[in-house]
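Have a look at the structure below, then the notes.
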């Protein structure tokens, strides 16, 4: 059966078995990867996967099943299991299938991988690092090409189709000089078309230089409250933590988010404007429709510090008695400020330049602490030295309110676009 | 059991080749404030092959599993290896062959519960929460099960079949104090291992009661003073410490890239009270939570003594790293899904128990902390680590005092383990997922240890 026929078969089968509403999505994914072990290219991978996710609503009960066995003989068994899972559930009037949005198709990016170019680019990058940064030790690196094709059909008549191809790059490395070693660092970037010279993207060369300086890292010898400057790569996990803690379904509808009832109110510094842009031309990764079957749109989440939108699915919105969001998050972009990075550093009397934080999820009240990795001590507006065994401690809600400056320059990581930001009032403690 | 004679597909292989058919089946049911927020079942099944040619690896996988796709995947893996070989001209000689056979003798025989049985159990737990703790702001009850079934053959003559079921029950409680939420997350391992559901419910209720009291103490708690402090790390945290900070740095691939452990082989890196073993499948107490008899390169899995009485004794290897280090492979090559290649991964890593009593350890501290439960952990090439601590208490004059709010602890593992002055005589195991390019199921265990550690505070 062709994928379109499988979708129709599943919806018909479920309807005939007294399922009220249903949604079915088939995802075909091809992944190619050329990767290195240490600084030697070692593996070529080609993965093909086809999977189907089906949702059934019956008597206000809901069940979900995923399978990658799409053979005609296995489908009735899979669908019967879904019906059994659904029957066993509990009624909830807030379950819904998305309304009829007609037929829509989307596509972007490359269609097929250029394996020779992937090999050449990775080899060139490894050679460049070996030549120019002899104290950098590569643990692993990879260039990938991913092609994702999705078809979604639901019982209300919505048919959505997307086709999306993009390249990715990943490297994990450290600096090493005899018995001195640095912390690990990681870099990744996504590209619509694979560039010839990956090293010129993502501020990579500066980060490699900074990593070699970590060989002489020392701990901060005191505890103080200071300012931190957070790099674009370091911002990514912080923004995701904030979204999960404060803006996504469970946090909002259980009222455990500290930003409940804060729509259109000041929740962050006036310097901050945060977007979630899954369909932006500026971001090569992304998604065209949400898992619950709605066409995705870009959204302003925080506008000059004012909370404009949560990140709610249809179910989360109904539970919270709010509007469904234009998308369900990720692919964030922070608007640039007006400062230069060098001026931002000059404005710090005492603090840290933080390129990575080793930390877990903040506590429910936003309390947050972690180890500053790949980071540098700043005093009187100058970067003085690399640090290790140094912790930062604060509250993530307060940190968003305490943003003092945002750089004019930004880094496009392919799945997000971030500037450097300065945050005041962070507890910094050494050994 | 998969209906394929995989060995038949390897007959014409001149070079090293692995072939694996695998199905990861996941079920998740979650009640959030009494509503079913997740009710899903998923199967991820497929076939993969990995071929070796003069130092180049080719890997291919497909979610279609039939005779034709198995042949096609082998062809593609060989093509990928040849493609790289032609580009790289490495002419490496490979590695020492291993051949081991094992079948499903070890699979835990968990009771088969219907979806209704499971949801009813969650509803019972939720009803208990509503009745017993009406002040909860949010409550979640979650059942997560993962069954991994795999069939592996290699061109060197290894073959194995395994089916490893695993189910964990989680409860999350959130209360509010001074308009701020405080949360605790309670794992209950081995759900379904017993056929006595009523006994499991009683056991879980006891665990919830204990943890609710901890949560109240946490909400009324204090921030610790930042800095180096004498602490008791309870067994759950000691297990994560050894996994993150010692385990990862002694994986041979990380040693090759320069992790600190490479400098310390056969040297003292910890107190004599500390011995660390990565168990393959069994301890003296029985089968481990993540038993590995044959790894995904077809090597028989061996226990690996990492630290013996404070001395770093050995690293964890796959075939290639063992060849490079001139030692025998230890059976640490593991792949999480059918579409993943094997990487060097831990299995069941633990600090061995000592001789002290926990009570005696706490009473030996004048001013310090008793840290009980961690949210997560990360470690570095330098063996510097951090853990989020979500449950802990002050120790004042040898007695438990105020509860602690969520904190982070950090340190350099070799320094912290050198500072260990007491090790408790009991140990506890926990199971979790470890991330290193792919996810992986691992277990970790340990006794409580007394040590000096950097506590993040205000």
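Every number here is computed from the coordinates shown, using simple stated rules; none is lab data. Because the structure is predicted, anything quoted here is derived from the model rather than measured. Cβ placement follows ideal geometry from the backbone for every residue including glycine, while neighbour counts extend to all protein chains displayed.
Normalised by 2.2 N^0.38 Å, with N the number of residues, the alpha-carbon radius of gyration of segment B:117-276 equals 1.44.
The angle separating the long axis of helix A:232-246 from the principal Cα axis of greatest extent in chain A is about 50 degrees. Considering only beta bridges that DSSP places wholly inside the protein assembly as shown, some 85 percent are antiparallel.
Springs join every pair of Cα atoms under 10 Å in this Gaussian network model of chain A, and among A:104, A:40, A:77 the largest mean-square fluctuation is at A:77. The value of relative contact order for segment B:26-71, using C-alpha pairs under 8 Å at least six residues apart, is 27 percent.
In segment B:6-219, what is the volume of the convex hull around the alpha carbon atoms, normalised per residue and reported in Å³?
Details: hull volume 38.9 nm³, N = 214.
Value for segment B:6-219: 182 Å³ per residue.
Shape call for segment A:173-314 from the C-alpha gyration tensor, a ≥ b ≥ c root eigenvalues: rounded (a/c under 1.5), prolate (a/b greater than b/c) or oblate?
Numbers: a/c = 2.55, a/b = 1.47, b/c = 1.73.
It comes out oblate by the Cα gyration axes.
Based on alpha-carbon centroids, what's the gap between segment B:284-333 and segment B:159-231 in Å, whole number please? The two parts, judged by their Cα centres, are 31 Å apart.
Which value at 222 nm does chain B reach when only helices count, each DSSP H run of 4 or more adding -39,500 (n - 2.57), with the total divided by all residues and rounded to the nearest 500 deg cm²/dmol?
On the way: 8 runs with 94 residues, N = 458.
One gets -6500 deg cm²/dmol as the mean residue ellipticity at 222 nm.
Neighbour counts of other C-beta atoms within 10 Å: give me A:231, B:287 arranged from fewest to most. It would help to have the intermediate numbers written out before the result.
Numbers: A:231 24, B:287 13.
The order, fewest Cβ neighbours first, is B:287, A:231.
Looking at chain B, the DSSP beta bridges with both ends there are about 90 percent antiparallel.
Given all pairs of different Cα atoms, what value in angstroms does the Kirkwood hydrodynamic radius of segment A:217-431 take?
On the way: mean 1/r = 0.0567 Å⁻¹.
It works out to 17.6 Å.
The alpha carbons of chain A occupy a box of 72, 53, 34 Å along the principal axes, longest dimension given first. Residues A:285, B:66, arranged from fewest to most other Cβ atoms within 10 angstrom of their Cβ, appear as B:66, A:285.
Round to the nearest 0.05 the FRET efficiency obtained for residue B:28 and residue B:284 when R0 = 45 Å and r is the Cβ-Cβ distance. Don't skip to the answer; put the middle values down first.
Values: r = 34 Å, r/R0 = 0.76.
FRET efficiency, residue B:28 to residue B:284: 0.85.
Convex hull volume per residue, computed on the Cα atoms of segment A:3-214, equals 172 Å³. Working note: 222 nm ellipticity from helices only, DSSP H runs with n ≥ 4, each -39,500 (n - 2.57), summed and divided by the residues of chain A, gives -6500 deg cm²/dmol to the nearest 500.
Restricting things to alpha carbons, find the Rg to Rh ratio for segment B:8-103 using the Kirkwood radius for Rh.
Working: Rg = 18.9 Å, Rh = 15.8 Å.
Ratio value, two decimals: 1.19.
Mind pulling the angle between the C-alpha long axis of helix B:197-219 and the longest principal axis of chain B? Nearest 10 degrees, somewhere in 0 to 90. It works out to around 60 degrees.
Which percent, to the nearest 5, of DSSP beta bridges fully inside chain A are antiparallel? Kindly include the intermediate steps, with their values, before the conclusion.
Working: 109 of 124 bridges.
Just about 90 percent of them are antiparallel.
For segment B:313-403, rounded, prolate or oblate, judged on the Cα gyration tensor with a ≥ b ≥ c (square roots of eigenvalues), a/c < 1.5 rounded, else prolate if a/b > b/c? Judged from the Cα gyration tensor, segment B:313-403 comes out prolate (a/c at least 1.5, a/b above b/c).
Ratio of alpha-carbon Rg to the 2.2 N^0.38 Å globular estimate for segment B:240-383, to two decimals, please. The partial results should precede the final answer.
Numbers: Rg = 16.3 Å, N = 144, 2.2 N^0.38 = 14.5 Å.
With N residues counted in segment B:240-383, Rg over 2.2 N^0.38 Å equals 1.12.
To the nearest ten degrees, helix B:67-88 and the longest principal axis of the Cα atoms of chain B are 90 degrees apart.
With the Cα gyration tensor of chain B in hand, convert its eigenvalues to equivalent ellipsoid semi-axes via √(5λ) and list them largest first in whole Å. Mind showing how you got there, number by number?
Working: eigenvalues 327, 171, 61 Å².
Semi-axes, largest first: 40, 29, 17 Å.
Radius of gyration over Kirkwood radius for segment A:128-177, both on Cα atoms: the Rg/Rh ratio is 1.40. Put simply, the protein assembly as shown fits an ellipsoid with semi-axes of 37, 34, 32 Å; these come from the alpha carbon gyration tensor as the roots of five times its eigenvalues, largest first. Connecting C-alpha atoms closer than 10 Å in a GNM of chain A, tell me which of A:188, A:60, A:416 has the biggest fluctuation. Evaluated over chain A, the most mobile residue of the options is A:60. If R0 is 51 Å, the Cβ-Cβ spacing of residue A:74 and residue B:357 corresponds to a FRET efficiency of close to 0.35. Roughly how many Å is it from the Cα centre of segment B:25-53 to that of segment A:64-95, as a whole number? That distance is 13 Å.
Cα centroids of segment A:369-427 and segment A:1-39: how far apart, whole angstrom? Spelled out, the Cα-based centre of one part sits 42 Å from the other. Across A:246, A:42, A:110, mean-square fluctuation computed from a Gaussian network of chain A (C-alpha pairs under 10 Å connected) peaks at A:42.
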